[in-house]
Amino acid sequence: MNSIVIVGAGECGGRAALSLRERGYTGAVTLIGAEDHPPYERPPLSKDGIVGNVDPRFVAGLGDYTAKQIDLRLSASVTRLDRASRVVELDDGTLVPYTKLLLATGARARSLPGSEVNSPRILSLRTHADALRIRQHLTPGSRLAILGGGFIGLELAASARRLGATVVLLEGLPRILSRGVPAEIAAAVAARHSAEGVEIICSARVETLRATDEDIRLTLSDGGVIEADLFVVGIGSLPNVELAAEAGLAIDNGIAVDRHLQTSDQDIWAAGDCCSFPLAHYGDRRVRLESWRSAQEHALIAAANLLGASDTITAVPWFWSDQFDLTLQVAGLSTGSTRAVRRDLGNGAFIIFEMDDAGLLLAASGIGPGNAVARDIRLAEMLIASGRSIDAQALASPDVRLKALLAA
Ligand SMILES: Cc1cc2nc3c(=O)[nH]c(=O)nc-3n(C[C@H](O)[C@H](O)[C@H](O)COP(=O)(O)OP(=O)(O)OC[C@H]3O[C@@H](n4cnc5c(N)ncnc54)[C@H](O)[C@@H]3O)c2cc1C
């Protein structure tokens with residue numbers, strides 16, 4: 001009998017399991033997750049999940065998995081993949097056979113290199129349990145230090161300010177958000193954080209880190225000293241590839257898959273944050289995305305292909321971040337291209353378009369209050385997907401509607 005096993009009960013694994021049933025598959029589906037919750041959304045963990053309702057926002061209710069006869073095994077880690085016998089082994093020794101396997105193992109927070117300090121006051125943010133631990137420390141007047149000026153660190157900084165904590169954010173590079181958005185967008189984000197009372201220190205080097213039961217003390221290479229009640233390390237993530245690597249699957253900055261999400265084993269697929277794949281529209285450049293929408297798209301493609309289809313990844317990457325009342329959206333891959341064009345949308349909102357020398361649009365990064373940039377970023381995504389050369393002056397002019405460029 002056919003048996004599909006999915007390792008990793010996150011955004012991607014959960015949605016893939018549900019999609020198998022929605023596509024009419026009636027064989028066995030086993031969804032195995034190391035966490036003790038059914039699949040839940042991670043984006044709120046640094047946003048409303050810190051400031052407001054701390055309950056997890058589930059992808060589906062527990063009853064949905066039962067009704068769909070999905071065998072959901074929680075608090076269960078897959079420790080071994082035996083491709084020859086087509087079986088995965090759980091941490092309690094249980095063997096689960098598969099005919100087709102999906103690896104949706106996601107990523108984990110990168111830990112502080114070289115740090116031997118193990119303290120409940122030094123945390124990272126990846127899971128609901130992490131968010132709860134961080135939340136406990138954030139009270140009016142409490143002191144938060146964050147290492148890393150990426151999206152998660154900045155979102156957490158904004159949330160902590162809303163809770164009345166004082167926040168110092170340390171970034172090792174000369175500017176925040178150096179991976180993934182143009183400098184002008186990063187400057188707008190930095191200005192807003194400063195206005196809200198977040199102290200951002202760029203080019204920061206932590207020389208020493210001392211943790212006691214009472215607090216954390218950091219010394220910086222320039223002699224600066226930071227004392228905090230909580231130190232959150234937000235320096236990126238690492239894909240969970242160990243299971244695949246030990247089983248001999250190809251790895252390349254993630255579990256390497258083709259455009260159908262198939263690994264180097266024809267009965268095993270990988271999807272979501274754990275995999276790297278060739279990106280159409282960018283000359284099949286291999287990328288690994290950490291994006292909520294991409295994890296969802298992968299889930300649907302993987303489910304179709306587990307059932308014999310050969311769907312391909314065609315979507316243009318898209319990502320968003322909420323900080324204070326600002327929403328930042330990025331469509332495409334921001335590569336720091338030298339041809340950058342700014343389009344002002346009013347009310348402080350603007351978009352930076354990045355183009356190549358032939359006028360091909362590579363990325364559009366926008367920032368503004370609320371939904372100010374959403375419609376134009378959506379159209380930019382379609383312009384990128386169209387693969388046509390676009391006039392830079394037209395992109396810069398708010399009087400030229402992007403819809404008209406798309407129709408031209
Ligand atoms: C704090 C935070 C905020 C974010 N905000 C945004 C945002 O604003 N916008 C955006 O686009 N994206 C955002 N993201 C990224 C987005 O949440 C991820 O891209 C998405 O969750 C990826 O889904 P996934 O299923 O591939 O991986 P994950 O969500 O990481 O799920 C993988 C699951 O697999 C489990 N697992 C791993 N190995 C095993 C094993 N061997 N056995 C059993 N289970 C295993 C893990 O425990 C985990 O539960 C955010 C992420 C975080 C952490």
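Just so you know, all these numbers are worked out from the coordinates, no wet-lab data involved. Worth saying up front: this structure is predicted, and the values here are computed from it rather than measured. Reconstructed Cβ throughout: ideal geometry from the backbone, glycine too, with neighbour counts over all protein chains shown.
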Response to the item:
Kirkwood radius from Cα pairs of segment 257-408 plugged into Stokes-Einstein at 25 °C, 0.890 mPa s, gives D in µm²/s equal to 150 µm²/s
Fill in: Considering only the chain, percent of DSSP beta bridges that pair antiparallel, nearest 5
60 percent
Worksheet item: What full-extension length gain, to one decimal in nm, is calculated for residue 220 and residue 394 as 0.36 nm per residue of separation minus the Cα-Cα distance?
Response: 58.0 nm
Discussion item. Let me understand the chain better: what is its radius of gyration from the alpha carbons, and its Dmax, in angstrom?
Written reply: 22.2, 66
Practice prompt. Starting with the highest mean, order 263-272, 76-85 by the number of other Cβ atoms within 10 Å, averaged over the residues of each peptide.
Written response: 263-272, 76-85
Fill in: Coil-residue GluC sites (Glu not before Pro) of segment 38-124, DSSP, other Cβ within 10 Å capped at 14
116
Worksheet item: Where in segment 200-297 are there GluC sites (Glu not before Pro) that are in a DSSP coil and have at most 15 other Cβ atoms within 10 angstrom of their Cβ?
Response: 214
Discussion item. Taking the Cα of residue 117, stepping 7 Å toward and past its beta carbon, and measuring to each backbone N in segment 146-168: which are under 12 Å?
Written reply: 146-147
Worksheet item: To the nearest 20 debye, what charge dipole does the chain have about its Cα centre, counting +1 at the Cβ of each Lys and Arg and -1 at the Cβ of each Asp and Glu?
Response: 660 debye
Practice prompt. Scale the Cα Rg of segment 122-233 by the rule-of-thumb value 2.2 N^0.38 Å and send over the ratio, two decimals.
Written response: 1.01
Fill in: Nearest-0.05 FRET efficiency for residue 62 and residue 136, computed from C-beta distance (R0 30 Å)
0.70
Discussion item. Restricting to bridges with both residues inside segment 26-94, how much of the DSSP beta-bridge set is antiparallel, in percent to the nearest 5?
Written reply: 55 percent
Item to complete: Set Lys and Arg Cβ to +1 and Asp and Glu Cβ to -1, take the dipole of segment 117-193 about its Cα centre, and tell me which of 177, 157, 131 lies farthest positive.
Response: 131
Worksheet item: Under Stokes-Einstein, with the Kirkwood radius over Cα pairs standing in for Rh, what whole-number D in µm²/s applies to segment 309-379 at 10 °C and 1.306 mPa s?
Response: 124 µm²/s
Discussion item. Please list, in order along segment 242-259, the HN-Hα scalar couplings obtained from phi with the Karplus expression 6.51 cos²θ - 1.76 cosθ + 1.60 (θ = phi - 60°), rounded to whole Hz, x for Gly and Pro.
Written reply: 4, 4, 5, 5, 5, 8, x, 6, 5, 10, 7, 6, x, 6, 6, 10, 8, 5
Fill in: Spatial separation of Cα centroids for segment 300-345 and segment 145-180, in angstrom
22 Å
Practice prompt. Would you mind getting the Kirkwood hydrodynamic radius of segment 1-139 from its Cα pairs, rounded to one decimal in Å?
Written response: 16.5 Å
Discussion item. Which one, 368, 49, 359, has the greatest fluctuation when you compute a Gaussian network model over the chain with C-alpha springs under 10 angstrom?
Written reply: 359
Fill in: Neighbour cut-off at most 16 other Cβ (10 Å), DSSP loop, trypsin sites (Lys or Arg not before Pro), segment 292-380
none
Worksheet, complete the sentence: Note: residue 54 to residue 227 extended length (0.36 nm per residue) minus current alpha-carbon separation gives 59.6 nm
Discussion item. What does the charge count around residue 214 come to, taking other residues whose C-beta lies under 14 Å from its C-beta (Lys +1, Arg +1, Asp -1, Glu -1)?
Written reply: 0
